[in-house]
Every structure is written in structure tokens, then in C-alpha cells.
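The values are calculated or read from the model by the stated rules, or taken from the named source; none is laboratory data. Just so it is clear, the structure is predicted and the values come from calculations on it, not from any experiment. We place every Cβ from the backbone using ideal geometry, glycine too, and count neighbours over all the protein chains shown.
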């Protein structure tokens, strides 16, 4: 059995405490992993701060070369990364391959972004007192960035923190999710091999409750980036104070299936959006509003297709549904389903395999809008479907949520597409596709309780830099 230490200052360091890590599928002991305390996390911050003093001067082309090389090394070792995802996250192997392919692309986007950082000329003579002066801006890195990442995309969401930090010229202290630390620790020696100077990337697994304060309040920390729940996000935002903060806090993403949509051609895509990786996706399709003229057909086809998804071992090519990340997650998801049924929802398909912590694809109709399966983020394989009569009614239902990350609409009419795009209150509106759609260069972030700031590599780089104004009197 392997033992993983902390990665600080370009070397493995022993920790005071180690804890066992078990596979979600089958419960096999995978490793013993160091769990940093606040004192050890501070050592990592000091290491990052010291490394920043020289790394901030590294030319952009060299930072880009490191990121390109890291992407190449990931591609060479992609199968090992896939197996790691299958083991520690119980991610179905086809979905795991997709994540690794995206991760490689994300680091390549970061390499390109490193070369594209630029300021602008300011028209000084636009003001009466500015004539005879030259003004321009430059963008500078902010310093040490701390990153706290979730379990569901332990390679690619880490890449969305680490890649932009390096591209901007910052150093980073990364705290991966307790359930999936091995994917992050895999990057340690990979980035060293890619040429990253010691101390630029530090990786400290540990518990958020123990580390969040030091990672957000240490005076050497200048930026914080977090992906997780709104409840934790609020704590981090409050602790971080005036530091730069990016928070991606999830959603209960909604989709409108408008009148005239071709149900037969879209239902497979909708099922994919609802149940990929067991619904453990920030923009998983959770709420569907189908026009009354096609509601019956849509529900019938959707339920039929959902019922064909196969549960099983994540390493099997035929597997669609695997265990939820933990027993606690399984109990919460299945409890919410039971509660919705007690409150009047009709269970059209679903079920559970408690011995394997599997929640089967669940479809509910007639759910009360105040039920947790509608109003909160399930983060499990659960979707609710409801009918509507007017587009205004559907948009209002989509917006009747404390979240606003992604939403979608299938419609054959461009006027109704633009109407929905204009009036839906979300960070992204996806027309003629599911809200689960995302590529890694787009601006990605939400409104309301879905967070603040934007990811998507170029946008994340901007979040991690400062603008400095410079003026010359001619």
C-alpha cells in the first residue's frame, strides 16, 4: 500500500497525520494520505511566497513552455490518470477518459493564455488635464493563490486553478478534496519534470474545516479560488476579506424544452446531461420544463431512456452509473427523493442499491417547487420534469431559484431563443443544448448563490492579476 506525503517546496514532506483512502466502489484501501494541519499549510504558503519572488519575473514564453510540457506529459500518462479517476472517484471509465482529454486541453489553453496577457493604451488627451501625457496599463500577478477543489473533476477542476495561476505568474497552494487527493498529488512530480520551479506548486491534502482559515487569511495569500457549496463559499468569502476571490458554487440547472422541439432527437442528450457521472456535476441537468404540447411524449421517452442506463463497476466500458462518492452522499440523495415523494411527487423511475451506495437514475414528475429536489442542488442522479404553457412561465420557473450558473433551451424559433437568453438569470444560457455543456475556454461562473468571478482559462487568468496604470508626462 502506498503512502503519500505533502508536496511542499518541490519535495515530498512527511506529515504529522496520515489517513486511509478507500475506493467508493468496493471499498478497497487505496493508500494512506497525509492530511495537513494549519501549521503545515502555513509552511506551504511560506514556500509559495518565497518562490513567487523569482517566479513573478519568469518570462511568459517560459511559463507557457512549462504548461505545454505538462500537457504533453499528461497525454503520455493519460491511461494512468484514467485508472486513478476510476479508483478514487468511481468515475465511469468513459467519463474518466473524457475528463483527462479535457484536462490536457485546459493546460494547453493556459499555455496560450500566458502569452496573451496584455494591457492597453489609455487615451490621456480625452481629459482636459491629460494632454501631453502618455498613459497605459500593464497586468501583474497578484502573488500566492490558494485553491480548494472538489471531488467530482479532480484533474480538470484542479487544472482550472493551477493552469491560470502559473500562466499569470502566481504561485499556488492547492488543497484537493478529501475524497480525491491522489489526482492532485499525481501532478507534483509531473510539473517538476515539466520544469516548474520548486515552491510554485504546493499540494496539501487535508480537511477544509481545519485549513480554510489559514488558506484564506494568511497575509501572504493574495487570492483565493474555490469550487464547492454556497455554504462553504460564504465562509471563505467572509474570511478572505479584500483578497481576490473566485467562487464557483454549483447550481440546480434547468432546461426549457420549447414547443416545436424534436423530442426524439434531443432526449438522449437530455438523459446524458442529467445522469453523467451520477449527476455529480455542478451543471448537471436537474430541472426540465417541457411545453405542455410535448410534455407527455418527452416524459415517456426520457423515462424509457433513463431506464436503460447500466449501473456497475466503473472500470467496465458498459457502465453508466457508479456509486456516489460516499455513503453520506447516498443517504442525502435517497432521502431527498423519499421526501419529494412524500410531498406529492410521482416516482417515474429510480431506485437504490444501498449495499453499493448506488442511486439509480431517478425521474420525478409533479414535484413541489419547494421540495429539495427542485429548489436545492441534488448533486446526484435525479431530475424533475414539469409542464408549462407559455415561455414567460417557463423562464420564470427557471429563475425561481437561488442559483444561476447555467440554463438551457431547446427551441426551433430564434425569437424565443433570444427571449430566453435575455431574460434567464444565469451566468450562461445554452441554446439548443443542455446546460451541462461546457468547454474549457468559455467564461464559466454564476450569479446569485452560484458564485462570483469567472473560470475558463483566459478569464481565470484575469481574475488572478492586477492592473497597474503608468503615465509619462511628455
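Would you check if there is a residue in the stretch 271-283 being over 30 Å from residue 26 (Cβ atoms), part of a helix (DSSP H, G or I) and touching a residue at least 60 places away in the same chain (Cβ under 8 Å)? No, that holds for no residue.
Quick check, is residue 217 more than 22 Å from the chain's Cα centre (by Cα) and not assigned by TED's automatic domain parsing to the domain that holds residue 374?
yes
Would you confirm whether or not the stretch 106-120 contains a residue that is under 27 Å from residue 32 (Cα atoms), touching a helix residue (DSSP H, G or I) at 6+ places or on another chain (Cβ under 7 Å) and either assigned by TED's automatic domain parsing to the domain that holds residue 281 or part of a helix (DSSP H, G or I) (or both)? Checked against the condition, which is being under 27 Å from residue 32 (Cα atoms), touching a helix residue (DSSP H, G or I) at 6+ places or on another chain (Cβ under 7 Å) and either assigned by TED's automatic domain parsing to the domain that holds residue 281 or part of a helix (DSSP H, G or I) (or both), the stretch 106-120 yields no hits at all. Residues in the stretch 372-415 that are part of a loop (DSSP other than H, G, I, E, B) and in contact with a strand residue (DSSP E or B) (Cβ under 8 Å, 6 or more places away or on another chain) were compared, and the one that is nearest to residue 325 (Cα to Cα) is 380.
Between 38, 48, the distinction of being under 22 Å from residue 217 (Cβ atoms) and out of contact with any strand residue (DSSP E or B) (no Cβ under 9 Å at 6 or more places or on another chain) belongs to 38 only. Only one of the numbered conditions (1) part of a helix (DSSP H, G or I); (2) over 30 Å from residue 315 (Cα atoms) is not met by residue 58, and that is (1).
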